[in-house]
Number of protein chains: 2
Amino acid sequence: MNLDSLQFASRFDGVSGSAIREIFKLIAKPGMISFAGGNPAKTALPDVLCAEIAKEVLQQNGKAILQYGATEGYAPLLESLKTYAEEQLGCELPAVLPVTGSTQAMDLLCKALINPGDVILVENPSFLGNLQCMHLYQARLVPVESDENGIIVEKLEEAIKTHHPKMLYTIPTFQNPTGKTLAADRRQPIAELAAKYGMVVAEDDPYRDLRYSGTPLPSIKSFDKEGWVVFLGSFSKIISPGLRVGFMAGDPRILRKCTVGKQSADVHTSNLTQAIVDQFLRRNLLPEHIKAICASYKEQMDAMMEELNTFPQGTTYTRPEGGLFIWVELPEHINALELLQKCVERKVAYVPGTHFFCDGGHENTLRLNFSNSTVEQIHKGMAVLREVIAEASK
Amino acid sequence: MNLDSLQFASRFDGVSGSAIREIFKLIAKPGMISFAGGNPAKTALPDVLCAEIAKEVLQQNGKAILQYGATEGYAPLLESLKTYAEEQLGCELPAVLPVTGSTQAMDLLCKALINPGDVILVENPSFLGNLQCMHLYQARLVPVESDENGIIVEKLEEAIKTHHPKMLYTIPTFQNPTGKTLAADRRQPIAELAAKYGMVVAEDDPYRDLRYSGTPLPSIKSFDKEGWVVFLGSFSKIISPGLRVGFMAGDPRILRKCTVGKQSADVHTSNLTQAIVDQFLRRNLLPEHIKAICASYKEQMDAMMEELNTFPQGTTYTRPEGGLFIWVELPEHINALELLQKCVERKVAYVPGTHFFCDGGHENTLRLNFSNSTVEQIHKGMAVLREVIAEASK
């Protein structure tokens, strides 16, 4: 029988995973200025330090690192991570679970909670990778309305009453793709609504340390009294995405289920990469490293903002206080998908905004990343983008 | 609302993941002689070499290793892995996909193929971790009959005709938990049945290099003409389980679906651990390393066999040509679950065989691992086991 007769699982119906991958193939061309990914700058990746640390941990504890580890996590990291995360989130954390990038945290949370047809409330637009994750668990994604200060609490309660969601998925700080931040005074009400109605909140917060202005805000998790909020943390933006280490923090009842799910997902996260992250925490290397990254990213964001300020009338954009992304809305008649082709011909790339909406549309939007381009590249690339938009505006 | 009211996803119904974990907690006690895990020997873990390699790859290619990688795999490993796997399996492989341990390969394959209620044929007993994986995808597991030469081809065809399975899951070489090997003359017929009836075969073969006698057998995959066989490979037993690197090899149509599934599972396997495995392949370090491991494991297995030979009458056991496990059947009235408690009191542990059967029962069986104990420990621990069995036989 020919393999073409093979039927794949129905969770893949409507999931192609290809739109963004096609863009990344375009971008791989030499000389391309890419505002498309969410990649850290090359200069932000601590290769010399990691080479030294990797050697040291393998010399000192190599037999344990190379052996099977516990699904619950590498013991030294469990210790340092708890201290770190509690300080970060400003609350006690009864359980933490190291995972293979915070992408796995989302996957395990869906595995633990979602039956096909269950409703997950999502910001609209939201992070593409996790939208795909939720689609693969056959969740029904229902958008909840946001304004410039993030999710509108009244609209959230309405949506909860109407749709009885199992979960809310939110990126509260420097959101992907919009760069928006959930206002401080909306964070406690969201935690309270979760407990009032029995809804899990997945608080996905990988950008919180990348703040270039304003003051840090308390996590939603810090207002969580009953355990309904699960925090998803990442070291991808502040150490390295290539190591694939993130964590979940929350109630032990939920994390235990995720741990059982992880047993048959990958047994455990690589002990070596967990040990490297452990050393960053133990040696307290993060504060200085983050300070250096932020100084550089601020210059890059400012350069992009400066350029956007000169864009044709009718173009609006967010003004984030941190993170990696600026969100742009073009005049309604301009299609950012079509524009992309013209930009790519001139060696500039971005991600069309429509891909981030769980219900499509919004073809006049686009997401710009500034972390992975030098200030010089930003000026050059934005000039191209401005010209292409100006032509399309005629 | 109290979190106790939270309902977990129904895929967890009947999945506790706890039986084996409880055993591993018992084993963690100091002085325990453990025949329970499937862990490589400490001496088989190349810590000095890995320390050197980790440092070198991060010094030479650190920026790329610490950056986001492709879901499809780290480019240098893709190249070296294809050459390695084609030589290993004795056939051309149109696609390979590095994964986070071969456990993830099984998870991605189920994600790609299995709808709730789909039938998967399994050896009975079989590997516990992957049984749990299949349960979490809500597959219906149907045992297929084996004899001392592995799956019986006629029984397999009967089962296919009766149950219309989506997949056959098999560990053809030095099977976990029995140590049995699928005979050479049954391998081509299984590949042919897969193509005849349109059934995917998951050929899970992590032990094939650990051969202490006899001659290597061709993979089922090498007889696959239409692409129905997916090979699951592992570096856990021949380099390190703690690194979490395995691979899948097979038809690009199936692997592409697994790649899309992997995007939202963990984006990609750690570039660092992929780069380390790549160096083992490029520097051709495996042949010598495997030779050293096998020499040592053979002595350990021989010591265990020698002890088993003196066990009370009515105890039978397999005589594997390689791998990590010996399978023991006690007289029917002896319960290996109850025996375990007595053994643990005397600081010896194993895994009761009942856990490996998808339909339970077989309480008089147990699995012994010899790789993770010294010859001295094996003699000492087996003496205890013999005494405990002798007492129970009275």
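FYI, it's all coordinate maths here, none of it is from the lab. Note that the structure is predicted; figures quoted are calculated from it, not measured. Neighbour counts run over all protein chains shown; Cβ positions are idealised from the backbone, glycine included.
Among the listed pairs A:257/B:221; A:42/A:380; A:63/B:257, those whose Cα-Cα separation exceeds 24 Å are A:257/B:221; A:63/B:257. Ascending distances from the residue A:335 label point to its copies in the other chains, with the point 7 Å along the Cα-to-beta-carbon line: 7.1 nm. Extending 7 Å from the Cα toward the beta-carbon at both residue B:253 and residue A:188 defines two label points whose distance is 5.9 nm. Here residue A:26 yields copy-to-copy label distances, from shortest upward, of 6.0 nm, the label point defined as 7 Å from Cα along Cα to C-beta. Computed over the protein assembly as shown, the convex hull of the alpha-carbon atoms projects to a mean area of 32.2 nm². Largest GNM mean-square fluctuation across B:12, B:280, B:357, computed for chain B with C-alpha springs under 10 Å, falls on B:12. Computed on the Cα trace of chain B, the radius of gyration divided by the Kirkwood hydrodynamic radius gives Rg/Rh = 0.96.
Expressed as a rounded percentage, what relative contact order does region A:155-247 have, with Cα pairs under 8 Å and six or more residues apart? RCO, region A:155-247: 27 percent.
Take each residue of peptide B:266-279, count the partner chain Cβ atoms within 10 Å of its Cβ, and average: the result is 5.
What separates the Cα centres of region A:6-84 and region B:146-201 is a distance of 36 Å.
Taking label positions 7 Å along the Cα-Cβ direction at both residue B:28 and residue B:5, the computed distance is 3.4 nm, reported to one decimal.
Per residue, chain B reaches -13000 deg cm²/dmol at 222 nm when only DSSP H runs of four or more residues are counted, each adding -39500 (n - 2.57).
Neighbour counting of Cβ atoms within 10 Å sorts the residues B:348, B:48, A:57, fewest neighbours leading, into B:48, A:57, B:348. Peptide A:49-56 has a mean shielding of 6, counted as Cβ atoms of other protein chains within 10 Å of each residue's Cβ. From largest to smallest, the equivalent ellipsoid semi-axes obtained for region A:258-374 from the alpha-carbon gyration tensor read 36, 22, 12 Å. Relative contact order of chain B, taken over Cα pairs closer than 8 Å and 6 or more residues apart, is 24 percent. Each Cα pair under 8 Å and six or more residues apart adds its sequence gap; the mean of these over the residue count of region A:51-154 is a relative contact order of 19 percent.
Sites count as exposed loop sites when they are GluC sites (Glu not before Pro), lie in a DSSP loop, and have at most 13 other Cβ atoms within 10 angstrom; the longest stretch of chain A without one is A:149-331. With a threshold of 31 Å on the Cα-Cα distance, the over-threshold entries among B:161/B:225; A:55/A:82; A:155/A:298 are A:155/A:298.
Scanning chain A for long hydrophobic helices, with DSSP H runs required to stretch 24 angstrom or more by C-alpha along their axis and to average at least 0.5 on the Kyte-Doolittle scale, returns nothing. Electrostatic tally near residue A:174: other residues with Cβ closer than 11 Å to its Cβ, Lys and Arg +1, Asp and Glu -1, net +1. Of all DSSP bridge pairs formed entirely within region B:47-284, close to 40 percent run antiparallel. Each copy carries a label point for residue B:213 at 7 Å from Cα toward Cβ; from one copy, the others' points are 7.7 nm away, ordered from shortest.
Rounded, prolate or oblate: which fits region A:135-188, taking a ≥ b ≥ c as square roots of the Cα gyration tensor eigenvalues, rounded meaning a/c under 1.5, else prolate when a/b beats b/c? Note, shape of region A:135-188 comes out oblate. Under a Gaussian network description of chain B, with springs only between Cα atoms under 10 Å, the residue in B:108, B:286, B:81 that fluctuates furthest is B:286. With a 10 Å cut-off around each Cβ of B:230-243, the average count of Cβ atoms from other chains is 3.
Listed by chain and number, the aspartates and glutamates placed with their C-alpha closer than 15 angstrom to that of residue B:262 are A:107, A:266, B:72, B:107; residues fewer than eight positions away on the same chain are left out.
If you take the alpha carbon atoms of region B:1-91 and fit the smallest convex hull around them, that volume is 301 Å³ per residue.
If you take the alpha carbon atoms of region B:34-83 and fit the smallest convex hull around them, that volume is 149 Å³ per residue. With neighbour counts taken as other beta-carbon atoms within 10 Å, the residues A:126, A:10 rank, fewest first, as A:10, A:126.
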